[in-house]
Structures are given as structure tokens and as C-alpha cells.
1. May I ask you to list the residues in the range 28-40 that are of a type outside the set (Ser, Thr, Tyr) and either in a strand (DSSP E or B) or within 18 Å of MET92 (Cα to Cα) (or both)?
2. Restricting attention to the range 93-121, report how many residues are among the β-branched types (Val, Ile, Thr), part of a loop (DSSP other than H, G, I, E, B) and within 18 Å of ASN44 (Cα to Cα).
3. Identify, please: which residue in the range 26-69 is under 22 Å from ASN85 (Cα atoms) and β-branched (Val, Ile, Thr) and is, among those, surrounded by the fewest Cβ atoms within 10 Å (Cβ to Cβ)?
4. Which ones in the range 66-121 are over 22 Å from ASP52 (Cα atoms), under 13 Å from the mean Cα position of the chain (by Cα) and of a type in the set (Ser, Thr, Tyr)?
5. Is it the case that the range 41-52 has a residue that's at pLDDT 95 or above, assigned to a loop (DSSP other than H, G, I, E, B) and of a type in the set (Gly, Ala, Ser)?
6. List the pairs whose first member sits in the range 46-68 and is closer than 17 Å to GLY115 by Cβ, whose second member is small (Gly, Ala, Ser) and not in a strand (DSSP E or B), and whose Cβ atoms are under 8 Å apart, counting only residues at least 6 apart or on separate chains?
Amino acid sequence: MIRYAAAICVMASAVDAQSVKLDGNEIGALLTGNTVVGVWEGANYRQFFGADGVTIYAQENARSTRGEWRIEGEEYQSIWRNDANWNGWFVMEYAGQWFWVSKTTPPTPFEVLEGEQLIAE
């Protein structure tokens, strides 16, 4: 699935090195059943996206958190234990790199690992 989403973005951006916003189907293909790795607010994290809508967020030196995730239109959305509302982010690809993008945060890069890889090898 990662290869499918990556291939779509590479084809879409082959002509120019422009950013590409993924649509809902592409986001689902990229995230479902996979783990993302990155740095959020200065801390390393891993997040798994289950096909059942469950997501697990694991940050270094902290307890893992279980939440829910979904795709609404062209947004990845998540909700966590103490949240009142779902929060959404667009997923962008630029020059082979993935980014979370929202109205309130700068583009934040992440990598995608196949399968559930919450524990670093």
C-alpha cells in the first residue's frame, strides 16, 4: 500500500518538484496498517494506524496513547481520550517526503514504515 500511494505522488509530481496534497483514498492507502515515525513538538514518536480505526501513539519516555482515526474528505482526523472534537491534518508529499499540514501547525515531516512497528528495532 505504501508503494501504491508513493507511486501516485511520484507520478503527480514528476513534471515539477511541487507539493502534492493526498486525497482521502491516498491517505488511507498510505496510513492503514502502517506506522509513521517523526518528531512532534520536539519529541520522537511512532504512530500506528489500524484498519479498524484504532491508532496508537507512542512517544519516547512516555506511555502509549490509544485513540481513533478516520479519513474525512481530504483530511486525516484523530480523536484522543480527553478531546472533545476530532482534529484534522492534510497529508502532503514533496520531493519524496511526507508532511502533516494543518491551519495551526507548520508542515511536519514524517516517514512511513510498513506494518505495526511501535517499538524501534
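The values are calculated or read from the model by the stated rules, or taken from the named source; none is laboratory data. Model, not experiment: these values are computed from the prediction. Cβ sites come from the backbone with ideal geometry, for glycine too, and all protein chains shown count toward neighbours.
1. Listed by number, the residues that qualify are GLY28, ALA29, LEU30, LEU31, ASN34, VAL36, VAL37, GLY38, VAL39, TRP40.
2. So the answer is 2.
3. Looking at the filtered set, the residue picked out is VAL54.
4. The answer is SER102, THR108.
5. yes
6. ARG46/ALA120; PHE49/GLY33; GLY50/GLY33; ALA51/GLY33; ILE56/GLY50; ILE56/SER64; TYR57/SER64; ALA58/SER64
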